[in-house]
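> Please find one structure pasted underneath; my questions will follow.
The values are calculated or read from the model by the stated rules, or taken from the named source; none is laboratory data. Just so you know, these numbers come straight off a predicted model, no measurement behind them. Heads up, the Cβs are rebuilt from the backbone with ideal geometry, glycines too, and the neighbour counts pull from every protein chain shown. Heads up: the accessible areas ignore ligands, DNA and RNA and are worked out on the full protein's heavy atoms, side chains in. Shrake-Rupley method; radii C 1.70, N 1.55, O 1.52, S 1.80 Å.
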Amino acid sequence: MEKIIVEGGRRLTGEVCVTGAKNAVLPILAATVIGANESTIFNVPNLKDVDVMEKILLSLGCNVKRMDNMMWVDSKPLDKIKIPEDLVSEMRSSIILMGAMLARTGEVVVSYPGGCEIGPRPIDMHLKALRELGADIEESHGFIYAKAAELKGCEIQLDYPSVGATENAILAATRAKGTTIIRNAAREPEIVDLQNFLNKAGAKISGAGTSVVMVEGVDKFHDVSYTTMPDRIVAGTYMVASAITGGEIVVKNIVIDHLQATIAKLKEAGSLIYYDNDSLKIVGPKRPNSIEMIQTLPYPGFPTDMQAQIMALLTIANGTSIISETVFENRFKHAEELIKMGASIKLFGNVAVVKGVKELTGAKTTAKDLRGGACLVLAGLAAKGITVVENVYHIERGYENFHEELRKLGAEIRKVE
Ligand code: EPZ
């Protein structure tokens, strides 16, 4: 198993260019199966999760070509309806293929995506929305069999603004008869990116980014090319790398609007941040301030995907901070690893009380999930001595060349077998 070794104490400086958004490109790649057309997607990040999605498209019979950060998908030859079980278990978000496949073929078989490191992650809202659109869905022996002779537009009220359920409903509704209205929809920017891609292919969607999304079903899509939005979580992670080392980093290729909640909290923790619309400079403080309360919330609230990273920063803050994780049931697995490094963290259910210490010390740690892994590398950048982070594959699901980019910024870091 590969591991990252980092020697802390270096102040990071320089600039980093943010890659395309993992959580935008995955639903967009799922959407390429709907139209029996050719889709060319630019700014595709080179990530393990994108590799899995590429394998799924190929397994369904699509032609796929990939070169650097571009992916071309021809979904005309698609001739399968079953998503390979091993690929679903590798990437649970492949469940968004359900909506896309129902729109294309009216039938899909997918194994139940188990929970993962951050919680059981049920899909009840996905299935409820697809049933309301007219799909017959049976669940047996760990598989979901979904069929829809005809998808019909309807009104969907989501119990919670679930990103995946919103995406599945939009994908299925693009070819439904009539108009679908999705209320209490998730407002994440990645859903706006999905809308923009689909509309460029001929769909008729409006309202993405607000809590009411309207989809008018259409009969066909045409060939499309599209550039994915930048990854706001990767951007936020590099911002924390500057904040935690008292560094000075320019983060390029961003959408500043997507980062406002992260900017506000990093300013509260003492960073100076200057920005225009597609890049920002962040100057970290000598020692971070504590933050009285951070609550993770659906967009535009503070992102749950930045919770682990900001916790790393707050472990060395001047004072005590409180972090409330309201989105996922079990997303504090990085806390026990940070404690090995000398952090003072107490967990009370979904609330973490982080008492800042003067300095962390390097330790042998294990990444348990994607953002938790990134958090441990960030903590290692500031810790005294050597930190080892095992199970690097978690990190590579969501970060392209993470340790190389940090090395370019001055970190003493390497990846070993
Ligand atoms: C997406 O996951 C992202 N993944 C996650 O990013 C992100 O943390 C999450 O949205 C929230 O922003 C992708 O886009 C591929 P949800 P998703 O449905 O769609 C519960 C990362 O690090 N829920 O909004 O799975 C669910 O258990 C990843 O890049 C139900 O109960 O998130 C969770 O507690 C991690 N029933 C909450 O809602 C359902 O049917 C939010 O989940 C669906 C969800």
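> Tell me, please, whether a residue that is in contact (Cβ under 8 Å) with a residue 12 or more places away in the chain, open to solvent by less than 80 Å² (accessible area, probe 1.4 Å) and assigned to a helix (DSSP H, G or I) can be found in region 147-164.
yes
> While we're on this one: Name the strands (runs of 3 or more DSSP E) wholly inside region 313-417 in which the number of residues that are more than 14 Å from the ligand (Cβ to nearest atom), under 30 Å from S93 (Cα atoms) and among the aliphatic types (A, V, I, L, M) is 2 or more.
Numbers: elements: 320-325, 344-348, 351-355, 364-366, 386-390, 412-416.
So the answer is 320-325, 351-355, 386-390.
> Would you point out which residue out of M311, M293, M306 is at pLDDT 95 or above, open to solvent by 30 Å² or more (accessible area, probe 1.4 Å) and out of contact with any Pro (no Cβ under 8 Å at 6 or more places or on another chain)? Walk me through how you get there before you give the answer.
On the way: M311 fails: open to solvent by 30 Å² or more (accessible area, probe 1.4 Å); M306 fails: open to solvent by 30 Å² or more (accessible area, probe 1.4 Å).
Answer to the selection: M293.
> Next question. Please determine whether any residue of region 227-236 is more than 16 Å from the ligand (Cβ to nearest atom) and open to solvent by 10 Å² or more (accessible area, probe 1.4 Å).
yes
> Considering only residues of region 314-324 that are open to solvent by less than 20 Å² (accessible area, probe 1.4 Å) and under 10 Å from A269 (Cβ atoms), which is farthest from the chain's Cα centre (by Cα)?
A317
> Can you pull out every residue in region 237-254 that is touching an Asp or Glu at 6+ places or on another chain (Cβ under 8 Å) and not in a strand (DSSP E or B)?
Correct list: Y238, S242, N253, I254.
> Now a separate question. What pairs come up if the first residue lies in region 181-200 and is farther than 17 Å from L133 by Cβ and assigned by TED's automatic domain parsing to the domain that holds Q157, the second is among the aromatic types (F, W, Y) and outside any loop (DSSP other than H, G, I, E, B), and their beta carbons are under 8 Å apart, counting only those six or more places apart or on different chains?
Listed pairs, sorted by first residue: N196/Y226; F197/Y226; K200/Y226.
> Name the pairs whose Cβ atoms lie under 7 Å apart, with the first residue in region 108-124 and modelled with pLDDT of 70 or more, the second β-branched (V, I, T) and open to solvent by 40 Å² or more (accessible area, probe 1.4 Å), and 6 or more positions between them or separate chains?
Going by the 7 Å Cβ cut-off, the qualifying pairs are V108/I81; V109/I81.
> Next question. In region 329-368, what residues are within 17 Å of the chain's Cα centre (by Cα), at pLDDT 95 or above and over 14 Å from M311 (Cα atoms)?
Scanning region 329-368 gives A367, K368.
> Also, I was wondering about something else. Do we find that I249 is in contact with a helix residue (DSSP H, G or I) (Cβ under 6 Å, 6 or more places away or on another chain), open to solvent by 10 Å² or more (accessible area, probe 1.4 Å), under 25 Å from G301 (Cα atoms) and away from the ligand (no atom under 16 Å from the Cβ) in this structure?
It is false that I249 is in contact with a helix residue (DSSP H, G or I) (Cβ under 6 Å, 6 or more places away or on another chain), open to solvent by 10 Å² or more (accessible area, probe 1.4 Å), under 25 Å from G301 (Cα atoms) and away from the ligand (no atom under 16 Å from the Cβ).
> Quick one: which strands (runs of 3 or more DSSP E) lie wholly within region 10-96 and hold at least 1 residues that are assigned by TED's automatic domain parsing to the domain that holds D193 and within 16 Å of the ligand (Cβ to nearest atom)?
Filter on region 10-96 gives 38-42.
> When region 171-203 is examined, which residues are found to be open to solvent by 30 Å² or more (accessible area, probe 1.4 Å) and within 15 Å of the ligand (Cβ to nearest atom)?
N184, R187, V192
> Scan region 58-81 residue by residue and report those that are within 23 Å of the chain's Cα centre (by Cα), aliphatic (A, V, I, L, M) and open to solvent by 30 Å² or more (accessible area, probe 1.4 Å).
Matches in region 58-81: L58, M67, M70.
> I263: among the β-branched types (V, I, T), surrounded by fewer than 22 Cβ atoms within 10 Å (Cβ to Cβ) and assigned to a helix (DSSP H, G or I), yes or no?
Against the criterion (among the β-branched types (V, I, T), surrounded by fewer than 22 Cβ atoms within 10 Å (Cβ to Cβ) and assigned to a helix (DSSP H, G or I)), I263 qualifies.
> Scan region 124-145 and give yes if some residue there is within 12 Å of the ligand (Cβ to nearest atom), over 16 Å from G164 (Cβ atoms), open to solvent by less than 60 Å² (accessible area, probe 1.4 Å) and touching a helix residue (DSSP H, G or I) at 6+ places or on another chain (Cβ under 8 Å), otherwise no.
No: region 124-145 contains no residue that is within 12 Å of the ligand (Cβ to nearest atom), over 16 Å from G164 (Cβ atoms), open to solvent by less than 60 Å² (accessible area, probe 1.4 Å) and touching a helix residue (DSSP H, G or I) at 6+ places or on another chain (Cβ under 8 Å).
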